[in-house]
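Participant: I'd like to ask you about the structure that follows.
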């Protein structure tokens, strides 16, 4: 890759995943620059969701998705050859045009819904299907697969945590860049590239210097989420079958 033909890697993840740690991993490459959830301000301004610090996110960000897309497909910051863009699937609202995705190398970070919903239950009393990001992730995966005629890379968060070197290496191979050991650890602390919402969500990753060891979920999904869990599981399993391994 070169600044003239950079890799624009759009990583599509649902919430309560290891997406920020993976952004740290890519951000620790000397040839990469990262962008944190560029569609978040548009999502909040459009939906009115009561997220922590919503007013600040909207004020600090770009609420016009067309301008966001123009920036993401424009010049790469700092002349780097790799532009890693961390996206949340639920931020990709139905009203946002999908054509620009063809200018990206789209990848997917998945996590079993048992882990997502157990974590979500602590912060959201009654999440909807759309809040989880699972249906949007499957929709985006299907759209990109149909338009490109090939399978976009999928990585499972549990695989990353079990064996980060191997799994991130597979991802690097899939997108055509060389793996480097710098992707396995990073200095703790905040980053200038973190969104203004970091103070609400990034406490754990700011303490980290690498990927935590995988630990399977210890608690069952709350009974009130049973129907939601089954629907999310169907979406997850459709992508899990295609994960890098």
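Participant: For the range 39-49, indicate whether the set of residues that are buried (at least 22 other Cβ atoms within 10 Å of the Cβ), at pLDDT 95 or above, assigned to a loop (DSSP other than H, G, I, E, B) and touching a strand residue (DSSP E or B) at 6+ places or on another chain (Cβ under 7 Å) is non-empty.
Facilitator: yes
Participant: Scan the range 164-185 and report the pairs whose first residue is free of Cβ contacts under 8 Å to residues at least 24 places away in the same chain and whose second residue is in a loop (DSSP other than H, G, I, E, B), with Cβ atoms within less than 7 Å and a gap of 6+ or a chain change.
Facilitator: Partner pairs satisfying both residue conditions: 169/179; 172/178; 172/179.
Participant: Taking the condition touching a strand residue (DSSP E or B) at 6+ places or on another chain (Cβ under 9 Å), under 26 Å from residue 138 (Cβ atoms) and assigned to a helix (DSSP H, G or I), does residue 22 pass?
Facilitator: So residue 22 fits the description; yes.
Participant: Take the residues in the range 166-195 that are within 30 Å of residue 56 (Cα to Cα) and buried (at least 16 other Cβ atoms within 10 Å of the Cβ); name whichever of them is farthest from the chain's Cα centre (by Cα).
Facilitator: Per the stated criteria, the residue is 186.
Participant: Regarding the range 76-95, can at least one residue be identified that is outside any helix (DSSP H, G or I), exposed (fewer than 13 other Cβ atoms within 10 Å of the Cβ) and free of Cβ contacts under 8 Å to residues at least 12 places away in the same chain?
Facilitator: Within the range 76-95, one or more residues are outside any helix (DSSP H, G or I), exposed (fewer than 13 other Cβ atoms within 10 Å of the Cβ) and free of Cβ contacts under 8 Å to residues at least 12 places away in the same chain.
Participant: Still on this structure, please answer the following. Looking at this structure, is residue 131 touching a helix residue (DSSP H, G or I) at 6+ places or on another chain (Cβ under 8 Å), touching a residue at least 24 places away in the same chain (Cβ under 8 Å), farther than 23 Å from residue 8 by Cβ and surrounded by fewer than 18 Cβ atoms within 10 Å (Cβ to Cβ)?
Facilitator: yes
Participant: From the residues in the range 133-162 that are touching a strand residue (DSSP E or B) at 6+ places or on another chain (Cβ under 9 Å) and in a loop (DSSP other than H, G, I, E, B), which one is farthest from residue 213 (Cα to Cα)?
Facilitator: Within the range 133-162, the match that is farthest from residue 213 (Cα to Cα) is 152.
The values are calculated or read from the model by the stated rules, or taken from the named source; none is laboratory data. Treat the numbers as computed from the prediction; the structure is a model and nothing was measured. As a convention, Cβ positions derive from the backbone with ideal geometry for all residues, glycine included, and neighbour counts pool all protein chains shown.
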